[in-house]
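Trainee: Quick one: this structure, given as structure tokens, is what I'll be asking you about.
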Amino acid sequence: MGKVWEFVSIEVRTRKGEKIQKEYPISLIKLSDLIPHEMTIDYELEKFIKGVQESGMVYWPLLVDQRSNLVLDGHHRTAGLSKLNYTNVPVVYIDYTNDDFIQVDTWYPIVDIEISILVSSLMKKGMKVTKLDNSKFEMKTLKNREFTAFIGNSKEFYQVRGEREEIFGLIRDKWLNNIIYYDDPYACLENTGDNQSAVIAWSYTKDEIVEKVLDGKIFLPKTTRHELKFDIMKCNYPLDQLDKKTGK
């Protein structure tokens, strides 16, 4: 199910909007048929396992691409049920690349370290870090991928050119317990203190995610953030109605 990454994540959600009620049928699918696209987080995985054992229920279905069987939402449910030796799971299938009711973005971290330390660490990894003359954040240039990420705070800004995965791998390797994730880049910057560092990177597209994962790629945790314009209905599926490996 992919590598387990051990850290406690803190998410701050600021984007709000009306959601429609859209009916999606729930299917019971073999876990072995599903393809995760992100690593799991040890804390979140153990939290799910404890909760599902206590309740005896899978409350929410996984969100899965009907074309590729790619897991879009529910990696910890996938890994947790597999660890408990269950062989199937309730899912909602959608046409990921063609359904406008689901959009892909990324998470924007605030790292609780001085920006000079982050700059130095990135440069030691061989990345090109350029200080900007002003502290103006331009999302358009980032979306065009003229560089990989902005890093900055209210005092100073830098552009970083390098491998996206290497930037976020570095942050997690060094400062696992010093990260808060925001769902919006502007909210991330507004809440970054003078002695902290915001990291604003571009987001993969849906097609890129599917292509890379089918080619064997597993992304780091918090690489993708799927924004749904509809509400997924609870399935309230009892554990004792799921198939389980025999002899376990």
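Trainee: Restricting to segment 101-155, what's the tally of residues that are part of a helix (DSSP H, G or I) and open to solvent by less than 20 Å² (accessible area, probe 1.4 Å)?
Mentor: Residues in segment 101-155 being part of a helix (DSSP H, G or I) and open to solvent by less than 20 Å² (accessible area, probe 1.4 Å): 6 in total.
Trainee: Give the residues of segment 94-153 that are touching a residue at least 60 places away in the same chain (Cβ under 8 Å) and acidic (D, E), sorted by residue number.
Mentor: D100, D105, D112, E114
Trainee: Please tell me if G51 is of a type in the set (G, A, S) and surrounded by fewer than 17 Cβ atoms within 10 Å (Cβ to Cβ).
Mentor: Yes: the conditions hold for G51.
Trainee: Oh, and also: Cβ-Cβ under 9 Å, sequence separation 6+ or interchain: first residue in segment 163-188 and among the small types (G, A, S), partner open to solvent by less than 10 Å² (accessible area, probe 1.4 Å). Which pairs?
Mentor: Listed by first residue and then by second, the contacts come to A187/Y108.
Trainee: Taking the condition open to solvent by 40 Å² or more (accessible area, probe 1.4 Å), more than 21 Å from I10 (Cβ to Cβ) and either touching a Lys or Arg at 6+ places or on another chain (Cβ under 7 Å) or not in a helix (DSSP H, G or I) (or both), does E23 pass?
Mentor: Numbers: open to solvent by 40 Å² or more (accessible area, probe 1.4 Å): yes; more than 21 Å from I10 (Cβ to Cβ): yes; either touching a Lys or Arg at 6+ places or on another chain (Cβ under 7 Å) or not in a helix (DSSP H, G or I) (or both): yes.
For E23, the condition - open to solvent by 40 Å² or more (accessible area, probe 1.4 Å), more than 21 Å from I10 (Cβ to Cβ) and either touching a Lys or Arg at 6+ places or on another chain (Cβ under 7 Å) or not in a helix (DSSP H, G or I) (or both) - is met.
Trainee: Specify the residue that is modelled with the lowest pLDDT; the eligible residues are those in segment 156-177 that are part of a loop (DSSP other than H, G, I, E, B) and more than 17 Å from the chain's Cα centre (by Cα).
Mentor: Ranking the qualifying residues of segment 156-177, first place goes to E156.
Trainee: Tell me, which residue of segment 65-91 that is under 16 Å from T40 (Cβ atoms) and among the aliphatic types (A, V, I, L, M) is surrounded by the fewest Cβ atoms within 10 Å (Cβ to Cβ)?
Mentor: Filtering segment 65-91 for residues that are under 16 Å from T40 (Cβ atoms) and among the aliphatic types (A, V, I, L, M), the one surrounded by the fewest Cβ atoms within 10 Å (Cβ to Cβ) comes out as L84.
Trainee: Could you say which residue among L62, L28, L72 is in contact with a helix residue (DSSP H, G or I) (Cβ under 8 Å, 6 or more places away or on another chain) and among the hydrophobic types (A, V, I, L, M, F, W, C)?
Mentor: Numbers: L28 fails: in contact with a helix residue (DSSP H, G or I) (Cβ under 8 Å, 6 or more places away or on another chain); L72 fails: in contact with a helix residue (DSSP H, G or I) (Cβ under 8 Å, 6 or more places away or on another chain).
Just a single option satisfies the conditions, and that option is L62.
Trainee: To continue, here is another question. Give me the pairs, please: first residue somewhere in segment 201-218 and closer than 14 Å to T148 by Cβ, second residue anywhere and among the hydrophobic types (A, V, I, L, M, F, W, C) and open to solvent by less than 80 Å² (accessible area, probe 1.4 Å), beta-carbon distance under 6 Å, and either six or more positions apart or on two chains.
Mentor: Sorted first by the residue in segment 201-218, then by its partner, the pairs are A201/A149; W202/L142.
Trainee: Which ones in segment 20-52 are more than 23 Å from P238 (Cα to Cα) and over 21 Å from the mean Cα position of the chain (by Cα)?
Mentor: I20, Q21, K22
Trainee: Residues to consider are S203, S154; find the one that is of a type in the set (S, T, Y) and farther than 18 Å from V111 by Cα.
Mentor: Working: S154 fails: farther than 18 Å from V111 by Cα.
The match here is S203.
The values are calculated or read from the model by the stated rules, or taken from the named source; none is laboratory data. Remember, it's a predicted structure, so these values are computed and weren't measured experimentally. Note that each Cβ is placed from the backbone with ideal geometry, even for glycine, and that neighbours are counted across all protein chains shown. Side chains included, ligands, DNA and RNA excluded: accessible areas come from the protein's heavy atoms. Shrake-Rupley method; radii C 1.70, N 1.55, O 1.52, S 1.80 Å.
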